[in-house]
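As structure tokens, the structure follows; a few thoughts come after it.
The values are calculated or read from the model by the stated rules, or taken from the named source; none is laboratory data. Bear in mind that the values here come from a model prediction, so they are computed numbers and not experimental data. FYI the Cβ positions are ideal-geometry reconstructions off the backbone, even for glycines, and counts take in every protein chain you see.
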């Protein structure tokens, strides 16, 4: 579900929101030892590259780190409040 929000944010040009959710997802996957299924990996990688390229490294890194600091509940609330 959150990967769909990332793609939507990318399509809308809401790149900082996308980077924040990507950072949160990365942290969640690391903590849970989870991984994306191969069918999701290509979309994830494309969204990640688009956000990083269009935002620039400094802005992307700031949004990414903000996302990594969030709990899964916080990122779900963020998505709810930032449609």
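In the condition set (1) touching a helix residue (DSSP H, G or I) at 6+ places or on another chain (Cβ under 6 Å); (2) more than 17 Å from residue 1 (Cα to Cα), residue 61 is compliant with all but (1). Within the stretch 24-43, does at least one residue satisfy the condition of being modelled with pLDDT of 90 or more and assigned to a helix (DSSP H, G or I)? Looking for residues that are modelled with pLDDT of 90 or more and assigned to a helix (DSSP H, G or I), one finds at least one in the stretch 24-43, hence yes. Test residue 48 against the stated conditions and say whether it is more than 15 Å from residue 75 (Cβ to Cβ), buried (at least 17 other Cβ atoms within 10 Å of the Cβ), free of Cβ contacts under 8 Å to residues at least 60 places away in the same chain and in contact with a helix residue (DSSP H, G or I) (Cβ under 7 Å, 6 or more places away or on another chain). Yes: the conditions hold for residue 48.
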